[in-house]
Amino acid sequence: NIATGQEWICTAVSDSGTTWELSMDSASSKVLDELLARLASLERLLEGLEKLTGGSDPTSATKAQVGQIYINIATGQEWICTAVSDSGTTWKEYTAEQMKLFAVGASMPERTDVLWIDTTAVTGGLKYHNGSAWVSVPTSTV
């Protein structure tokens, strides 16, 4: 579109017509690719931590690293270490769905406790929920 400078890409052609979507500029695409690579690396790191087990729920005295999983073998309940301090380890019960760190897509996720990689061209990018709305994470360039 020469009036706005926006580029569009054809994503589908059918009997009912042609579907067009805004195309991300190469700089935005590069930032998104880098962000996805870093998030995938973080997921691999967290998945690589050895799972801990025990016959009861973990306590503040149960030593772990942030992101490490503890399984109560008596109940099957899983816990995740959310913080480590001088006063001990903080644990939170979780399910596999709760463990997701981010959502990717053009639509707002239902969960507001994850980072959202909005793939919408022009207005997309990394976003977080501030309690009332999804807002872009500030970025800087080097």
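The values are calculated or read from the model by the stated rules, or taken from the named source; none is laboratory data. What you see is a predicted model, and the numbers here were worked out from it, not measured in a lab. Glycine gets a Cβ as well: all are built from the backbone with ideal geometry, and neighbour counts include every protein chain shown. Heads up: the accessible areas ignore ligands, DNA and RNA and are worked out on the full protein's heavy atoms, side chains in. Shrake-Rupley method; radii C 1.70, N 1.55, O 1.52, S 1.80 Å.
Just a few scattered comments:
- Cα→Cβ-extended label distance, 7 Å offset, between GLU50 and LEU101, nm: 2.2
- ASP57, ASP113, ASP86, reordered so the largest accessible area comes first (probe 1.4 Å): ASP86, ASP113, ASP57
- Environment charge of GLU93, counting only residues whose C-beta is closer than 11 Å and scoring Lys/Arg +1, Asp/Glu -1: -1
- Close amide H contacts of VAL104 (hydrogens built in the peptide plane, cut-off under 5 Å, sequence separation of 5 or more or a different chain): ILE117.
- Length gained on full extension, SER85 to ILE9, computed as 0.36 nm times the residue gap minus the Cα-Cα distance: 22.3 nm.
- Extension gain (nm, one decimal) between LYS63 and SER132, 0.36 nm per residue minus Cα-Cα: 21.3 nm
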